[in-house]
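The values are calculated or read from the model by the stated rules, or taken from the named source; none is laboratory data. Since the structure is predicted, the reported quantities are computational estimates derived from the model, not experimental observations. Positions of Cβ are backbone-derived with ideal geometry, glycine not excepted, and every protein chain shown enters the neighbour counts.
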Amino acid sequence: MIHPDRIAAANDTAEGRLSADYEALGAHLDRRGIDIAAIKAKVAGYGVAVPSWGVGTGGTRFARFPGPGEPRDIFDKLEDCGVIHKLTRATPSVSLHIPWDAQPAADLNSKAQEVGLTFDAMNSNTFQDQPDQALSYKFGSLSHTDAATRRQAIDHNIACIELGRQIGSKALTIWIGDGSNFPGQTNFTRQFERYLDATRTVYDALPDDWTLLTEHKIYEPAFYSTVVQDWGTNLLIAQQLGDKAKCLVDLGHHAPTVNIEMIVARLTQFGKLGGFHFNDSKYGDDDLDTGSIDPYRLFLVFNELVEAAHNPDFNPMHMLDQSHNVTDPIESLMVSATEVQRAYAQALLVDRAALAECQEANDALMATTLLKAGFRTDVEPILAMARFEAGGAIDPVAAYRASGYRAAVAAERPAVSGAGGGIV
Ligand code: LRH
Ligand code: MN
Ligand code: MN
């Protein structure tokens, strides 16, 4: 863990500059009729969950190149996630993936408490076979042609709910790899009927105050068709199952030209936007760091979220879902969390009354200029001040590097070799 004294020491050198920058931005925003303290308060109240699997070095089917101090288990992962939150004050919860993180609830709870974190949505895994598993998911899980395999997948999801209940989670996210690799391999309709039937059984096991999030994805691992391939199918699922079922939008799970912010608006309009997996992509489900490729798209997504925020029932879950192949995962997750906050703060700056007027008057140029005015504003002093006031680091990456945390855990956690890793 990083000692607060270390954070204070790192902040000491940056504090004077931050105060000056914050004051200058405050004066600038004041001239635009915006109260900087109000924006800062909203940023300070915002949190994005970290995926437990994100703190290990990721890889591709070609190779994986682990770094020093790879977490050995969920307890090491929680330790790393605790560091991310300590420095950014932006990631108060962790999303677990089962069975990767399956451990007794009491142990998970005490470690989470020790590092100052809570648990976000539970993620089930029926896209891989596990060593002790009776039936294979090679040809599907919740939509498998074999009833016993579907039942096995249902039981796994119910076990995830059961563990989640004991650790204070309030949601189950289901993403399946089911689909087909050849035209004709499956009957689209019967396969989806089987999926709906099985998922309804999971839904019926959900506590009343839980949400079931279903996650769509256009392709991979199935390369011809995917059962839950897009937001249309996802919406059908949520509508068929009931009020507790909502759609999860992973930004990387769409075709490259798809207008994701519009999907966000549509799902919001009908009360079916359940949550996000934030990441960025150039080609497909690249799982690149949030905001690293197209920060404007992230801003446009947040523009829709801010637009919808007046509805008190609107409360989608926010989580990062990334694969860090060439960076220190802790650094990537810290930067990504602040990128999400940045998009939020920029969207808060948009003059919504003026925007509505431009839209009514069909003033396309001025409408888009109003959005750009939010996006172009450098809100870093707001983010840094919110972190600083909450006890975090003004510059999280600099403070992290100065702390020597990675070298310290590398001395304790055995080195992992990537040799032979990856399956082409
Ligand atoms: C699938 C996915 C889904 C999984 C995670 C590991 O591509 O986005 O959310 O649970 O990756
Ligand atoms: Mn995802
Ligand atoms: Mn994905």
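The set of residues in the stretch 272-326 that are assigned to a helix (DSSP H, G or I) and on the phi > 0 side of the Ramachandran plot is empty. For the stretch 137-158, residues that are over 21 Å from T173 (Cβ atoms) and polar (S, T, N, Q) total 1.
Residues that are more than 16 Å from G374 (Cβ to Cβ), out of contact with any helix residue (DSSP H, G or I) (no Cβ under 6 Å at 6 or more places or on another chain) and among the basic types (K, R) within the stretch 5-39 comprise just one, R17.
If only residues of the stretch 261-288 that are closer than 15 Å to V301 by Cα, free of Cβ contacts under 8 Å to residues at least 60 places away in the same chain and within 14 Å of ligand 3 (Cβ to nearest atom) are counted, the one that is surrounded by the fewest Cβ atoms within 10 Å (Cβ to Cβ) is S281. Within the stretch 331-360, residues that are touching a residue at least 40 places away in the same chain (Cβ under 8 Å) have Cβ atoms under 7 Å from residues that are among the aromatic types (F, W, Y) and in a loop (DSSP other than H, G, I, E, B) in these pairs: Q341/Y46; Y344/Y46, counting only partners at least 6 apart in sequence or on another chain.
Within the stretch 221-232, identify whether any single residue is free of Cβ contacts under 8 Å to residues at least 24 places away in the same chain, more than 15 Å from ligand 3 (Cβ to nearest atom) and part of a helix (DSSP H, G or I), and answer yes or no. Scanning the stretch 221-232, I find at least one residue that is free of Cβ contacts under 8 Å to residues at least 24 places away in the same chain, more than 15 Å from ligand 3 (Cβ to nearest atom) and part of a helix (DSSP H, G or I), so the answer is yes.
So that you can scan it fast, the table gives a plain yes or no per residue for (1) surrounded by fewer than 23 Cβ atoms within 10 Å (Cβ to Cβ); (2) basic (K, R); (3) within 16 Å of V48 (Cβ to Cβ):
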residue	(1), (2), (3)
E304	yes, no, no
N315	yes, no, yes
V340	no, no, yes
A343	no, no, yes
E357	yes, no, no
A361	yes, no, no
P396	no, no, yes
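Are any of the residues in the stretch 208-217 β-branched (V, I, T), farther than 18 Å from Q239 by Cβ and within 16 Å of ligand 3 (Cβ to nearest atom)? Among the residues of the stretch 208-217, not one is β-branched (V, I, T), farther than 18 Å from Q239 by Cβ and within 16 Å of ligand 3 (Cβ to nearest atom), which makes the answer no. A residue that is within 15 Å of ligand 3 (Cβ to nearest atom), within 19 Å of the chain's Cα centre (by Cα) and of a type in the set (K, R) cannot be found anywhere in the stretch 240-256. Working carefully through the options G16, G47, G67, find the one that is in a loop (DSSP other than H, G, I, E, B), farther than 23 Å from T173 by Cα and not acidic (D, E). None of the others qualify; the one that does is G67.
Among the residues of the stretch 201-220, those identified as more than 21 Å from the chain's Cα centre (by Cα) and either assigned to a helix (DSSP H, G or I) or of a type in the set (A, V, I, L, M, F, W, C) (or both) are T201, V202, Y203, D204, A205, L206. If you filter the stretch 94-133 down to residues that are touching a Ser or Thr at 6+ places or on another chain (Cβ under 8 Å) and outside any strand (DSSP E or B), you find that the one that is farthest from C81 (Cα to Cα) is D129. Residues in the stretch 180-217 that are surrounded by 16 or more Cβ atoms within 10 Å (Cβ to Cβ) and either on the phi > 0 side of the Ramachandran plot or within 16 Å of ligand 2 (Cβ to nearest atom) (or both): T211, L212, L213, T214, E215, H216, K217.
Kindly establish whether S136 is within 15 Å of ligand 1 (Cβ to nearest atom) and in a loop (DSSP other than H, G, I, E, B). The answer is no for S136. Among the residues of the stretch 158-196, the ones that are in contact with a Leu (Cβ under 9 Å, 6 or more places away or on another chain), of a type outside the set (V, I, T) and away from ligand 1 (no atom under 15 Å from the Cβ) come to 6 in all.
The rows are residues; the columns are (1) more than 20 Å from Q346 (Cα to Cα); (2) in a loop (DSSP other than H, G, I, E, B).
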| position | (1), (2) |
| --- | --- |
| L383 | no, no |
| A393 | yes, yes |
| V397 | yes, no |
| R401 | yes, no |
| V409 | yes, no |
| G421 | yes, yes |
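For the stretch 233-254, enumerate the residues that are buried (at least 23 other Cβ atoms within 10 Å of the Cβ), in a helix (DSSP H, G or I) and either more than 15 Å from ligand 1 (Cβ to nearest atom) or charged (D, E, K, R) (or both). If the condition is that a residue be buried (at least 23 other Cβ atoms within 10 Å of the Cβ), in a helix (DSSP H, G or I) and either more than 15 Å from ligand 1 (Cβ to nearest atom) or charged (D, E, K, R) (or both), then I237, A238 are the ones that fit. Restricting attention to the stretch 262-321, the residues that are within 15 Å of ligand 2 (Cβ to nearest atom) and of a type in the set (G, A, S) total 4. Scanning the stretch 134-150 for residues that are surrounded by 13 or more Cβ atoms within 10 Å (Cβ to Cβ) and without any contact (Cβ under 8 Å) to a residue 24 or more places away in the chain yields a count of 5.
Among the candidates T186, T173, which residue alone is closer than 24 Å to G274 by Cα and either away from ligand 3 (no atom under 16 Å from the Cβ) or not in a helix (DSSP H, G or I) (or both)? Explain how you work it out, then say what you get.
Working: T186 fails: closer than 24 Å to G274 by Cα.
Going through T186, T173 in turn, the sole match is T173.
Selection within the stretch 130-162: residues that are over 27 Å from T189 (Cβ atoms) and acidic (D, E). The member of this set that is modelled with the highest pLDDT is E162.
Take M334 and tell me if it is under 21 Å from L78 (Cα atoms) and in a helix (DSSP H, G or I). Working first, answer last.
Details: under 21 Å from L78 (Cα atoms): yes; in a helix (DSSP H, G or I): yes.
Taking the combined requirement at face value, the residue satisfies it.
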